[in-house]
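Read the figures in this text as sums done on the coordinates, not as results from a lab. Small disclaimer: the values here were computed from a predicted structure and weren't measured. For neighbour counting, all protein chains shown are included, and Cβ atoms are generated from backbone atoms with ideal geometry for every residue, glycine included.
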Amino acid sequence: MSQKVLLSANEAVAWAACKAGCAVASAYPGTPSTEILENVAKFKDTINCEWAVNEKVAMEVAIGASIAGARALTAMKHVGLNVAMDPLMTYTYVGANGGLVIITADDPGMHSSQNEQDSRVLVKFARAALFEPADSQETFDMVIAAFELSEKYQVPAFIRLTTRTSHTSTVVDVGDDFGPGQVERKPYVKDIRRYIPVPMFARPQRVRAQERTEALRAFGCETPFNRIEAGDTRLGIITSGVTYQFVKEVFPEFSVLKLGFANPFPSDLVKRFAAGVDRVLVIEELDPFMEEQVRAMGVQVVEHTTELNMLEMNPVRLMALRKELLGDVEAPAAHRADTGLPTRPPVLCAGCSHRGVFYTLSKLGATVTGDIGCYTLGAFPPLNAMDTTICMGASIGNAFGMEKAGMQGRICAVLGDSTFFHSGMTGILNVLYNGGTITTIVLDNRITGMTGHQENPGSGKTLCGEPAPVTDIAEVAKAIGFKRVVKVDAYDLVALERVLKEELDSHEPSVVIAGGPCRLAAKLMNAGTYEVDPAKCKACGACFKLGCPAIERGEAVADGKRFKSHIDPVQCSGCDLCRQTCKFDAITKIR
Amino acid sequence: MKTMNVSLVGVGGQGILLTSDILAKTATLAGLDVKKSEIHGMAQRGGSVISQVRFGEKVYSPIIADGMSDLLVSFERLEALRWRHLLAPDGKVLINDMNMTPITVSSGQQPAVADLDARLKAEYPGALYVDAMALAQTLGNTRAMNMVLAGALSTLTPFGADVWEQAMRERIPAKLLDMNIKAFEAGRQAVQG
Ligand SMILES: Cc1ncc(C[n+]2csc(CCOP(=O)(O)OP(=O)(O)O)c2C)c(N)n1
Ligand code: SF4
Ligand code: SF4
């Protein structure tokens, strides 16, 4: 009997990989893609899966497995694809042996990313194949089809998800007798003309890649994943991905060409569709990826002034478009969002081990190049202890670049342990080699925090919970050649100030490892409770500078200009930092 | 049936995602098409969280357009105001009678909403209030607060308690199930009187 389950698209990828007989999966976490590998791990009996240290390595592992003839999968968020592009660009020349499926999860509207990118552009650039599912069922079906296509055409095949597919659960029919698929491995045959693209071998491969693109274009004109839904032909809408769902809601009566397989672009099908309707309208999320190709074919496209090519798509935006084009809808009479309410931004958890470092850096007036992780929140008031954040690993190069440019003062780079393993090691190597003197501070909480606590090479466990060797960051720095490598307890404010002052003022390059477990992941959120004695509290405000969410304004003094502090016993996790900031011994541990 | 749109909002750590999961499962068990979409930001607790569930014969968009939520379930009072724009003109509102001061207020960076009571009354004259925390405390487990709200919410959906409880059985680990079902029933009674 067919089995129906409620799955997010991320979960559907894992189920489909199992059914398709995928043998190897490697990925690095990143919202909204993280749950893909977490769910693949549920099928670890048949899928050999792992957290890689970064996306480039993950892609290389998947490519290696594909060369060996196995079906392989890798997954990443959109910015992770930037990191993984180098191996991909050449593997599309070499061509997949065992099926290679790559999941990229874009984040339109930047719910949890530093930029928004349209991965479709990179897929085209790499000459890979592209599936764009609109819900979890399609994701399931397309992942299975992508493995087959990848082997048939020897092409790496992408599934492009977005936050609204990755994190939306819909009903999926996973078919009869769901279970791990048995597929025959492709044989691996040593063949340097194929696997070693030196120029003389790469040139014919380049030509073959072009021929393959044309063959896939023909596939795109026939596959049922690209379908015309006939309707009122006064308007024909070309759309893809989750945007299709919004189109069905807001333009339900018109003809639609839904492209589930959008690269190589199925030109003949598009021409056929265009010929059957009065006017062609392209509706897509982010870049005008399809629209530009439709226009380049000489097809006239409806012009409009409603902005659609940035930020997240939603039904209300399409209602505005419909109003402009057809004048027959009004967006529902919604109240305007009240922007005057106090905001509720993310903050470092009560007791987070990162807090003391930023408190100290703020005190030392350092210039801090930051990086990406929970600790990016150190940039905000009252800590105010970060100057820049660009991309994972950038903190170190950025700090060194500032030094090279002659910037004065105490300059340091701050990054987390997972970020250090991802792309910080090459950064410190460069600092040492080129005579830098900056300090690199690694916030070593032994987990990949921000994406929801994934294991990493410092945590002692693998994705599947098996024990793993623990890489000591101090030893890495020493092995690279750093003379000044200091470990410090992230909960000891005195030691932190002494060490950071010393290292920031020294004229030699140094690496400081501030250690303390991620309080949330280590289940220490109820580890203790502190209390403020209002009789002793002088309302000096020192503890407020920590920005701990458990420390609240209490009784007002000096005509409401200053406030005593009060600790919310529910939120306090007993980290002890605030006690150390109080000169009047007003804060004590009560549990 | 006409597609029903439910928005669940509140603060990270309150158990909103589990509640919306169970609602989505319940609708699936009832044989409906379902879409559940959530935005939960980062790992840390304390930020605004929203999850939207839509169910009916055939559901397309995973996002509920502003002004189209038939039901707004807020796990916290201030958040109920924040998401006012989602509610349909004839939509219903269920509010957990609980205040969680945002850090921006407790740290003095932004002023509190002085007239929160009055504003809630004015915006939502017919809102249902449940003190889910107090009820969960009586049952001896504050972490079941979300299931008290699920119980209250269940009375506003077309699904019977038996379907809800089956969804809970499928989603909640066996050793926590009894406690959660008790909380669910307490929530149902609280609004049914
Ligand atoms: C290239 C790239 N891959 C993945 C991500 C997603 N991401 C953001 S922060 C982060 C992990 C941070 O972990 P860590 O450095 O240990 O800091 P923590 O959050 O634990 O403080 C990841 C994987 C990203 N932003 N960019
Ligand atoms: S999840 Fe961990 S690393 Fe992130 S803020 Fe909380 S305690 Fe800090
Ligand atoms: S001990 Fe102080 S700083 Fe630490 S969590 Fe409690 S209130 Fe916050």
Give the share of C-alpha pairs in each 5 angstrom bin for region A:363-413, from 0 to the last occupied bin, in whole percents, shortest bins first.
5, 23, 31, 23, 14, 3
How much FRET efficiency would the formula 1/(1 + (r/R0)^6) give for A:Lys4 and B:Lys121, where r is the Cβ-Cβ distance and R0 is 60 Å, rounded to 0.05?
0.85
Two pseudo-spin positions, 7 Å from Cα along C-beta at A:Glu292 and at A:Ala333, lie apart in nanometres by 4.3 nm
With charges set only on the Cβ (+1 for Lys and Arg, -1 for Asp and Glu), what does the dipole of the protein assembly as shown come to about its Cα centre, in debye to the nearest 20?
1180 debye
Which longest uninterrupted range of chain B lacks any trypsin sites (Lys or Arg not before Pro) assigned by DSSP to a loop state (not H, G, I, E or B) and surrounded by at most 10 other Cβ atoms within 10 Å?
B:59-193
1/(1 + (r/R0)^6) with r = Cβ-Cβ of A:Cys221 and A:Thr343, R0 = 56 Å, i.e. FRET efficiency to nearest 0.05, evaluates to 0.70
Compactness index (Cα Rg / 2.2 N^0.38 Å), region B:45-193:
1.10
Which whole number in µm²/s is D for region A:129-180 by Stokes-Einstein, with the Kirkwood Rh taken over Cα pairs at 20 °C and 1.002 mPa s?
181 µm²/s
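Counting partner chain Cβ atoms within 10 Å of every residue's Cβ in A:327-335, what's the average?
Details: counts 0, 0, 0, 0, 4, 6, 4, 11, 9.
For this peptide, the per-residue mean of nearby foreign Cβ atoms is 4.
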Suppose we keep just the alpha-carbon trace of region A:246-298; what are its Rg and Dmax in angstrom?
11.1, 29
With the radius of gyration and the Kirkwood radius both derived from the Cα set of region A:487-537, what is their ratio Rg to Rh?
1.15
Name the trypsin sites (Lys or Arg not before Pro) in region A:310-415 that are in a loop by DSSP and that have at most 11 other C-beta atoms within 10 Å, would you?
A:Arg336
Output for region A:419-484: trypsin sites (Lys or Arg not before Pro) sitting in coil per DSSP, at most 15 other Cβ within 10 Å, listed by number, reads A:Lys483
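Above 20 Å lies some portion of the pair distances; for region A:118-230, what is it as a whole percent of all C-alpha pairs?
55 percent
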Charge tally for neighbours of B:Gly193 with beta carbon under 15 Å away, counting Lys, Arg as +1 and Asp, Glu as -1, is -1
Could you pull the Cα extents of region A:227-326 along its three principal axes, largest to smallest, in whole Å?
32, 26, 22
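Which net charge results when you count Lys and Arg as +1 and Asp and Glu as -1 among the other residues whose beta-carbon is under 12 Å from that of A:Tyr375? The partial results should precede the final answer.
Numbers: positive: A:Arg355; negative: A:Asp371, A:Asp417, A:Asp444.
Around A:Tyr375, the surrounding residues sum to -2.
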Would you mind computing, in nm to one decimal, how far apart the modelled labels at A:Glu555 and A:Arg484 are, each placed 7 Å from Cα along Cα→Cβ?
4.6 nm
Cβ-Cβ cut-off under 13 Å around A:Cys464, Lys and Arg +1, Asp and Glu -1: the net charge is -2
What is chain A's relative contact order, in percent, from Cα pairs under 8 angstrom and six or more apart in sequence?
11 percent
Over all alpha-carbon pairs of region A:530-589, lay out the pair-distance distribution in 5 Å bins, whole %, shortest bin first.
4, 21, 36, 26, 11, 2, 0
Just to be sure I understand: with springs between alpha-carbon atoms less than 10 Å apart, which residue in B:Gly12, B:Gly140, B:Gly151 has the highest mean-square fluctuation in the Gaussian network model of chain B?
B:Gly140
Candidates per chymotrypsin sites (Phe, Trp or Tyr not before Pro) in region A:510-591, loop by DSSP, up to 14 other Cβ within 10 Å:
A:Phe584
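Suppose R0 equals 51 Å; then what is the FRET efficiency for B:Gln137 and A:Leu429 from their Cβ-Cβ distance, rounded to the nearest 0.05?
Working: r = 55 Å, r/R0 = 1.08.
The calculated FRET efficiency here is 0.40.
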Orientation-averaged projected area, Cα convex hull of region A:355-515 (nm²):
8.7 nm²
Cα extents of region A:303-421 along the three principal axes, largest first (Å)
61, 34, 28
Cα-based Rg and Dmax for region A:2-222, where Dmax is the largest Cα-Cα distance (Å)
16.2, 51
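What Kirkwood Rh does region A:24-124 have if only Cα atoms enter the pairwise 1/r average? Answer in Å. All intermediate terms of the calculation are to be shown ahead of the outcome.
Numbers: mean 1/r = 0.0740 Å⁻¹.
Hydrodynamic radius (Kirkwood, Cα pairs) of region A:24-124 is 13.5 Å.
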Cα-derived Rg over Rh, computed across region B:27-89 with Rh taken as Kirkwood radius
1.00
At q = 0.05, 0.07, 0.11 Å⁻¹, what log₁₀ I(q)/I(0) does a Debye calculation on the Cα points of the protein assembly as shown give, no solvent, two decimals?
-0.28, -0.56, -1.35
Kirkwood Rh, Cα atoms: Rg over Rh of region B:1-130
0.99
Per-residue mean of C-beta atoms belonging to partner chains within 10 Å, peptide B:106-119
4
How many angstrom separate the Cα center of region A:431-482 from the Cα center of region A:228-246?
49 Å
